[in-house]
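What follows draws every value from the coordinates through simple rules; no lab data is involved. Owing to the predicted nature of the structure, the values given are computational and were not obtained by experimental measurement. Methodologically, a virtual Cβ is constructed for each residue, glycine included, from the backbone with ideal geometry; neighbour enumeration extends over all protein chains shown.
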């Protein structure tokens, strides 16, 4: 019994993620998306999740982007591996931004009032 293993290069992962996440992504230029970039929209939210990727964006592997509303990554930006972006209102990064590996960016907090 032969087993075949296909190793996809970055171009194929970018293409597969563009197709898989087409309702969520708006890509405005050259973008590189590595494997295991997970998108989790909150389906019970009033506004759908929208991710806008400007020109020359590099999303490394094992990234989680979740929530609702809009997240915008500016031009020439990089999101490191194992990072999380949680958007419930709006997150917008400027141009030429590097987000470190394992970073967690959120636009909300828990309400601890009693």
Query raised in the report: Using only Cα atoms, what Kirkwood radius does segment 26-106 have, in angstroms?
Result: 12.4 Å
Query raised in the report: With labels modelled as points extended 7 Å from the Cα through the Cβ direction, what inter-label distance (nm, one decimal) is found for residue 108 paired with residue 42?
Result: 0.2 nm
